[in-house]
1. Please turn the phi angles of the range 50-63 into ³J(HN,Hα) values with the Karplus equation 6.51 cos²θ - 1.76 cosθ + 1.60 (θ = phi - 60°), one per residue in order, whole Hz, x for glycine and proline.
2. Nearest 10 degrees, 0 to 90: what angle lies between the long axis of helix 70-99 and the longest principal axis of the chain (Cα atoms)?
3. What does the net charge come to around GLY54 if you take all other residues with beta carbon closer than 14 Å to its beta carbon, with K and R at +1 and D and E at -1?
4. What lysines sit close enough to LYS12 to cross-link, taking a C-alpha to C-alpha distance under 21 Å and skipping anything fewer than 8 places away on the same chain?
5. When only C-alpha pairs under 8 Å and at least 6 residues apart count, what is the relative contact order of the chain, in percent?
6. Rank LYS12, LYS27 by accessible area, highest first, at a 1.4 Å probe radius?
7. Which stretch or stretches of the range 62-86 have amide N atoms under 19 Å from the point lying 7 Å from ILE45's Cα along the Cα→Cβ direction?
8. Counting only heavy atoms of the protein chains, get the accessible area per residue of the range 51-106 (1.4 Å probe) and round it to a whole Å² value.
Amino acid sequence: MSQRDPSIEIEKLATRIEAAKAAQAPKPRMDEHYSQAQLAWRMVIELVAGLGIGFGIGFGLDVLLGTQPWLMIIFLFFGLAAGIQTMMRSAREVHVKLEAGDHTTE
């Protein structure tokens, strides 16, 4: 009866483990290329989403607490501020990308 060499078995196992890890590894994201229209829609959607979420939270709290329309107005302004902040972050991200020499958003 022949005995197997344990070092060869360990090497085969290590190869199989590496292959399994490589198959499960996340794929690198491709660089996202946006046109100016896509960037504009993204910013509009961010602003509208902020307003909608602020309105929804304020309206819900007004219904629960019976303070209509005060919390809705307050949270509408909070949503507006959050939407503008998100838009500014997106604009800054595009600006940094363009400053770095990546002119793919044209």
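1. Each residue of the range 50-63 in turn: x, 5, x, 5, x, 4, x, 5, x, 5, x, 5, 4, 5 Hz.
2. Result, in degrees: 50.
3. -2
4. Straight-distance partners of LYS12: LYS21.
5. Reported relative contact order: 29 percent.
6. Numbers: LYS12 120, LYS27 150 Å².
From most exposed to least exposed: LYS27, LYS12.
7. 80, 82-86
8. 71 Å²
The values are calculated or read from the model by the stated rules, or taken from the named source; none is laboratory data. Computed from a prediction, not measured in an experiment: that's the story for all the values here. So basically every Cβ, Gly included, is an ideal-geometry build from the backbone, and we count neighbours across all protein chains shown. Surface accessibility is based on the protein's heavy atoms, side chains included, excluding ligands, DNA and RNA. Shrake-Rupley method; radii C 1.70, N 1.55, O 1.52, S 1.80 Å.
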